[in-house]
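Here, each number is a calculation from the coordinates, and none is a lab measurement. Small disclaimer: the values here were computed from a predicted structure and weren't measured. We place every Cβ from the backbone using ideal geometry, glycine too, and count neighbours over all the protein chains shown.
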Amino acid sequence: MRPDDPFDDAVTARAVIAADGTLARWSEGARLLLGHTAEEVVGRPAAELLADRADMPRPPMNTRWSGSLVLRHRGGGTVTVWVLAHHRQPADGGPGDWLAVTPLEVEEHALPDDPLVRLAVFQSPCATMVFDRRLRLRGINDAMADLLGLPADHLRGLKPTDIGGRPQHSELEQHLDRVLRTGRPHDMQTYMKATGEERPHAWLARLAPLTDGSGRVRGVCVTAHDFTEQFRARERLQLVNEASIRIGTTLDVTRTAQELAEVCVPALADFVSVDLLEPEEPGGEPVGPLTLPVSLRRVAHHSLTPGNPESVADVGEVVVYPAAAPQADSLIAGHSVVASVESGDLDPWLAVDETRARQVRRFDVHSMLSVPLQARGTTLGVAAFTRFRRPDAFDHDDVLLAEEVTARAAVCIDNARRYSRERETTLALQRSLLPRTLPRTAAVEAATRYLPAARSGVGGDWFDVIPLSGMRVAMVVGDVVGHGIQASATMGRLRTAVRTLADIDLAPDELLTHLDDLVQHLSHEWGSDTGPGEVGATCVYAVYDPVSRRCTLARAGHLPPVLIPPGGPARQLDLPSGPPLGTGGLPFESAEFELPENTVLAFYTDGLITPPARDMEVGQALLREALSNASGSLDETCDRVLHTLLSPGGTHDDVALLLTRTHGLPSSQVATWDIPADPALVAPIRKQVLDQLADWALTEASFTAELVVSELVTNAIRYGAPPIRLRLIHDASTLICEVSDTNHTAPHLRRAKTWDEGGRGLLLVAQLTQRWGTRHTADGKTIWAEMALVDEM
């Protein structure tokens, strides 16, 4: 006997029987009981100890057996003993072995002499047992014996691990030893199914030290209390609390449905699926009224088993539920439906759906709960809860819990659906207000990218490329404060205003001044009832002239553009920083730069360079690095910039990016004449224009050009102030005639009366040309007219 080995307890006979039926261990108590030493029996079949081998018990695996056996004694006689045997499963998943125990004679346990006290202890409804200092069971009442499913008279002298082989028995033994050593009580909680129970219960075991008159610990009293209701109430409260935290973290319908499925597994079910009704129109309300069969789209599911093998549909697929399906029944009825295999509720459905029937048989599905997703009086879909590994069926409390969690999720799904619809509407408005395609001009080639915010909603970023007179082109990028439909509407009004102001050929600083007045007006308009408004915007506006190859820029609180000269490094343009639009006060200033041929200008909004946790200077450095090689395709450069600066998960703010590559107009496509203020010289000027058109092989435009030049030059001589200059510009599709003088008075188009001798010149110009207008300069004005060239066959 080894005193340090609890197996060799001399007051309890113990034997370990291997999976093959041979004896693996033999205790000192077993030797005292039957006389056989360990050397004599270990390795031999355990059945040889039976007086009659026909009495050999056949217990099922993973359970226990108890009963009386007649065993052979070494001296030749027989011994009848009560044996308790339980299967022990090793951690490595092997076949395991069996521990067989029987208590030997122990001294009578000490209880109070008062018979009433004895009766109270043994007949108390509170399950109680008492262990001595050697962790041997000294007393057990009827309630505890019934709980264990074993006779009380045969258990005295056994240790907790002798009574059962579950992990809870080993844990109890460790806590008993702790109470004996410390003398302090201890509470132990466990969730297990006792013998004869159909479903597991939650148990609270209170371990209290038993002390004598001198205060010495003589043993431990263990009382077991069934607190299943409190345990389940706590679990329900925990699940509801977790659902309130984990469900609805984003305004995304699919993600919210997935969060519902993940929260409920395994706390409520082993597999959860969420199917939603589809609206008749994108972004609309779900279909109604419902008719059978019901078609839904699977948006989420989650299982205890990796890969969700229980599901018969993948996420995104349409699932059709017939009248017999619990999902369809709950949707039509508008309340939860519980169905089980045992009751036959699922038979009609499985009879018409062989695929689902095979899955039910394969995974031993036994119970289903279908709860309709309803929010604000609208049915959105259904959540189905399935149990196959958890043995108990859904009860009334489970239904209430599922309904509470599902109701919370339905509101979140409806919020996400409404947000998605509003976002799609706002995004459609935003896209309709932005240019679908950029105009083809001789001055620049351009490429753009626009990305709406992934989380905070569509904002008010915009861009535009606007053809101006004289082959010039305007480039603009702006950003309205805020997000949503109001920001998009404000963006549309500002973009329209910019186009209108650009059409009258205002200088960049003047245009921003007028735009600032408009934003202030909008701000007062929005805040007329609630105080000052919060409408604000930033903007950068540039005008490039391909004839002079000069670019004039001004900005209102916006980030300066990046310039990439051909073959050179990218650098930030040094522009005067005007105030944001809508603040008023400081004036706007322009700066002018001469740009070599094939210079790239990059205009952008702050959402590109300042995502969360990134400094603006770092973002600008990354942008310059991404633009360092912009000699290739502008579209490829746009993609490279977005890939470098933005994360794959989307942006926190709108992003607008406009790249333009400048082109100069060759001097051979421009002709200029200084005109003396003499009407008699108009005819020679017409002759020079016709000769120039012949040199350009544009003789088909000669008639129209001659009339336009004659009218504009004559008006400049008659009403303007010298010096007067005529300039012709052409490209592949357009011929432009410009007449400049130093008089700031602009001509007006009017319809002459029948008796007027004049007043028909500008009306004639307007009829013969594509468009015409007046451009004011620092020295005076320029009247221009554009004529479309007819392709020569």
Across the stretch 322-415, what fraction of all alpha-carbon pairs, as a whole percent, falls in each successive 5 Å bin from zero upward?
3, 14, 23, 24, 17, 12, 6, 1
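Could you tell me the relative contact order of the chain? Use alpha-carbon pairs under 8 Å, at least six residues apart, and round to a whole percent.
Numbers: 1588 pairs, mean separation 49.5, N = 793.
RCO, the chain: 6 percent.
Would you mind counting up the charge near residue 125? Only other residues with Cβ under 12 Å from its Cβ, with Lys and Arg at +1 and Asp and Glu at -1.
-3
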Calc'd 3J(HN,Hα), the stretch 600-611, phi into Karplus 6.51 cos²θ - 1.76 cosθ + 1.60 (θ = phi - 60°), Hz, glycine/Pro = x, comes to 9, 10, 10, 10, 7, 9, 5, x, 6, 10, 10, x
Label zone at residue 687, where the point sits 7 Å out along the Cα-to-Cβ direction: the stretch 695-729 residues whose backbone N lies under 17 Å
695, 706-707, 710
What distance in nm lies between label points placed 7 Å from Cα along the C-beta direction at residue 245 and residue 702?
8.8
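Apply 1/(1 + (r/R0)^6) to the Cβ-Cβ distance of residue 229 and residue 422, taking R0 = 41 Å, and write down the FRET efficiency to the nearest 0.05.
Computed FRET efficiency for residue 229 and residue 422: 0.35.
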Pop out the ³J(HN,Hα) list for the stretch 33-39 in order, Karplus 6.51 cos²θ - 1.76 cosθ + 1.60 with θ = phi - 60°, rounded to Hz; leave Gly and Pro as x.
6, 10, x, 7, 7, 4, 5
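With a cap of 15 neighbouring Cβ atoms within 10 Å, and only residues DSSP puts in a loop, list the GluC sites (Glu not before Pro) found in the stretch 147-233.
The qualifying sites are 197, 198.
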For every other residue with a beta carbon closer than 14 angstrom to the beta carbon of residue 388, add +1 if it is Lys or Arg and -1 if Asp or Glu, then tell me the sum.
+2
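May I ask you to compute the full-extension gain from residue 486 to residue 624, defined as 0.36 nm times their residue separation minus their alpha-carbon distance, rounded to one decimal in nm?
Gain on stretching residue 486 to residue 624: 46.4 nm.
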At R0 = 22 Å, how high is the FRET efficiency between residue 315 and residue 358 if r is their beta carbon distance? Nearest 0.05 is fine.
0.60
Under a no-solvent Debye model with one identical scatterer per Cα of the stretch 667-788, what's log10 I(q)/I(0) at q = 0.12, 0.20 Å⁻¹?
-0.41, -1.16
Using alpha-carbon positions, the gyration tensor of the stretch 562-694 gives root eigenvalues a ≥ b ≥ c; with a/c under 1.5 called rounded, otherwise prolate if a/b exceeds b/c, else oblate, the class is prolate
Please give the length that would be gained between residue 721 and residue 678 if that part of the chain were fully extended, namely 0.36 nm times their separation in residues minus their C-alpha to C-alpha distance (nm, one decimal).
14.3 nm
Out of the trypsin sites (Lys or Arg not before Pro) in the stretch 273-363, which ones are loop residues according to DSSP with at most 14 other C-beta atoms within 10 Å?
none
If N is the number of residues in the stretch 6-103, what value comes out of its Cα radius of gyration divided by 2.2 N^0.38 Å?
1.02
For the chain, what is the Kirkwood estimate of the hydrodynamic radius, computed as the reciprocal of the mean inverse distance between distinct Cα atoms, to one decimal in Å?
35.6
Could you derive backbone 3J(HN,Hα) for the stretch 545-561 from the dihedral phi with the Karplus parameters 6.51, -1.76 and 1.60 (θ = phi - 60°), listing whole Hz in sequence and x where the residue is Gly or Pro?
10, x, 6, 8, 6, 10, 10, 10, 10, 8, 9, 10, x, 9, 5, x, x
Would you kindly state the longest site-free stretch of the chain, with sites defined as chymotrypsin sites (Phe, Trp or Tyr not before Pro) in a DSSP loop (not H, G, I, E, B) surrounded by at most 16 other Cβ atoms within 10 Å?
228-695
For the chain, what is the mean residue ellipticity at 222 nm derived from helices alone (per DSSP H run of n ≥ 4: -39500 (n - 2.57); sum divided by total residues; nearest 500 deg cm²/dmol)?
-9500 deg cm²/dmol
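Within the stretch 492-527, report the trypsin sites (Lys or Arg not before Pro) that DSSP leaves as loop and that have at most 12 other Cβ atoms within 10 Å.
Values: sites: 493, 495, 499; in loops: none.
Those that pass, being in a loop and sparsely packed, number zero.
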Quick one: net charge of residue 223's neighbours, Cβ under 13 Å, K/R +1, D/E -1?
-1
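What Kirkwood Rh does the stretch 115-226 have if only Cα atoms enter the pairwise 1/r average? Answer in Å.
14.3
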